[in-house]
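Taken together, the values in this text are just the output of simple stated rules run on the coordinates, not laboratory data. Treat the numbers as computed from the prediction; the structure is a model and nothing was measured. Ideal geometry is used to build each Cβ from the backbone, glycine not excepted, and the neighbour counts take in all protein chains shown.
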Amino acid sequence: MGSLKPIDVTNKDVQKNLRQLMGKDVADKFITQLTLYGTAKKIPKEIQSQLFFSQLNMKWNNQTRSYVSDGKIGVGSVGKTFVNKLCDGKIEFKKHRGADEINMYIELDPQHWYYFNYVNGFMQVMSSNNDFLTAISSLKPDKRETKTDKGKYTFNVSTSNKKTIFLRKFSTDSGDNGGGGGN
């Protein structure tokens, strides 16, 4: 991930959003650390989540009838790990009659990518990272459940085909599929 650009924490919108999430004092301390050192000693608890996006522009797509990310995706943190990088990719939020669906494709470079699909309490994942896939596949079924404040969800390894179909939806829009999308 060394070649990925960091998120510009001097950007007024980024600062405003961090202050809304963390409160002014915590955000200002965090922004100062990032500005001075390029990293933070500790991720503030307010943004510690499984996946925190620090920059994500969404637009309505009439063709797919969904909200779709536009431009680079700022990955702020993953769990307690500070990332602070802008990545290629595509994120989609889609409303179905019975459920909401989220698709996320994050590309660090054409050979290193992650794909997630969530619908009806079931998360499917695929990646070019075989260690990541092996870690998930080796879990016993009861360990593939995560409880949240809204219930629980189950996660499992998907197929590369699902990721390919997702990215193909956007390859005809403007010639931009959000990344190389290597299989």
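How tilted is helix 24-37 with respect to the longest principal axis of the chain? Cα atoms for both, answer in degrees (0 to 90, nearest 10). Around 90 degrees separate the two axes.
Helix-only mean residue ellipticity at 222 nm, the chain, DSSP H runs n ≥ 4 weighted -39,500 (n - 2.57), per residue, nearest 500. What is it? Walk me through the numbers before you get to the answer.
Working: 4 runs with 45 residues, N = 183.
Here the helix-only value at 222 nm equals -7500 deg cm²/dmol.
For T134, T154, T81, the sequence from fewest to most other C-beta atoms within 10 Å is T81, T134, T154. Partners of K12 within straight-line reach, counting lysines whose Cα lies under 26 Å from its Cα and excluding those fewer than 8 residues away in the same chain: K24, K29, K41, K42, K45, K59, K72, K80, K85, K90. Test of understanding: in a Gaussian network model of the chain with alpha carbons linked when under 10 Å, which of L139, L18, L51 would top the mean-square fluctuation ranking? Answer for the Gaussian network model of the chain: L139. When Rg and the Kirkwood radius Rh are both evaluated on Cα atoms of the range 12-171, their ratio Rg/Rh stands at 0.98.
Neighbours of S3 by Cβ distance under 14 Å: Lys/Arg scored +1, Asp/Glu scored -1, total 0.
In degrees between 0 and 90, to the nearest 10, how far off the longest principal axis of the chain does helix 12-22 point, with axes built from Cα atoms? Approximately 80 degrees, to the nearest ten.
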